[in-house]
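A quick write-up on the structure given underneath.
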Amino acid sequence: MKGKSNSKTKKNLILQFYHTLYREFGKQNWWPADAPFEVIIGAILTQNTSWNNVKKAIENLKKNDFIDAKKLFQLDTEKLKELIRPAGFFNQKAKTIKNFLTFLFSNYDGNLNNLLNEEDDTLRYKLLHIKGIGKETADSIILYAAGKPAFVIDKYTKRIFIRHNIINNQDIEYDELQKIIQNNIPKKTELYNEYHALLVKVGKELCKTKPLCWKCPLNIFLMRKYRHFFSKK
DNA sequence: ACCCAGGTGGCCC
DNA sequence: GGGCCACATGGG
């Protein structure tokens, strides 16, 4: 009884929060890439790295026509490192990209669609077994490359949800937060897509120095919108 | 001279 | 199952 009403409140809040962001900032048209393969490369390169740096690495690859599974698979690893250097962590990211390609070519004959057409749980399981691909990267690939509903949890998601009392546990695990969100909003790719993109947008554009501190315009704006949720104990 | 970025894996207890 | 740590570039 009590649990039910809590979960209903939470559902309303999580959905309301999304609608508020969407009304304010609009459609984000994610992922910023031309094709699924580019999404995957970008998802690996952006691990703990600003997108601004990733863009440079992607540009280097594009200039040399390496946004292509077969060409990238054949590219010498040391050359790959040089091209992706601006994205940082280039040694391990080059290995991760090679690990992914080795997996793709040994199990799917290099055919990306065959991999992405796997059922979503299978796809997640397989991606997580590639060294260098963790939960966030796997879910980003499932959502933005395969177009299947997997809600992506990142630092911003956690921080924003904690700051706005949508969750209380500071140390909440990836899977747990993902489950809470997925259980409380419709399981729609388009919704997952926009929601995560909006969280990243507000996380990165409105709180440069101290992410999401209470002096940030975003939080002042949201507190005004959500006063009625917080005033009730 | 710091701190942070759309994480991940390894090692230690 | 936690608590550290390395990984590396570029911007504020």
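Condition check ((1) at pLDDT 95 or above; (2) within 22 Å of A:S50 (Cβ to Cβ); (3) touching a strand residue (DSSP E or B) at 6+ places or on another chain (Cβ under 8 Å); (4) in a loop (DSSP other than H, G, I, E, B)) across all residues:
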| site | (1), (2), (3), (4) |
| --- | --- |
| A:N169 | no, no, no, yes |
| A:E190 | yes, no, no, no |
| A:C207 | no, yes, no, yes |
| A:P211 | no, yes, no, yes |
Meets criteria (over 18 Å from A:W31 (Cα atoms), more than 16 Å from DNA strand B (Cβ to nearest atom) and within 19 Å of the chain's Cα centre (by Cα)) for A:D121: yes
Scope the stretch A:106-136; condition in contact (Cβ under 8 Å) with a residue 40 or more places away in the chain and surrounded by 22 or more Cβ atoms within 10 Å (Cβ to Cβ); matching residues: A:I133
Which listed residue is within 30 Å of A:L177 (Cβ to Cβ) and either away from DNA strand C (no atom under 16 Å from the Cβ) or touching a Gly at 6+ places or on another chain (Cβ under 7 Å) (or both), from A:W30, A:W51: A:W30
Sole residue being in contact with a Lys or Arg (Cβ under 8 Å, 6 or more places away or on another chain), in contact (Cβ under 8 Å) with a residue 60 or more places away in the chain and surrounded by 14 or more Cβ atoms within 10 Å (Cβ to Cβ), chosen from A:I166, A:I141: A:I166
Evaluation of A:S7 against (1) among the polar types (S, T, N, Q); (2) modelled with pLDDT of 95 or more; (3) surrounded by fewer than 18 Cβ atoms within 10 Å (Cβ to Cβ) (one fails), failing number: (2)
Subset tally (residues that are within 13 Å of DNA strand B (Cβ to nearest atom) and not in a loop (DSSP other than H, G, I, E, B)) for the stretch A:146-161: 6
Candidate set from the stretch A:72-94 (those that are surrounded by 13 or more Cβ atoms within 10 Å (Cβ to Cβ) and more than 16 Å from DNA strand C (Cβ to nearest atom)); member that is nearest to A:D109 (Cα to Cα): A:F73
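The values are calculated or read from the model by the stated rules, or taken from the named source; none is laboratory data. Predicted model only: the values in this text are computed from it and were never measured. When we count neighbours, we look across all protein chains shown, and the Cβ atoms used for this are built from the backbone with ideal geometry, even at glycine.
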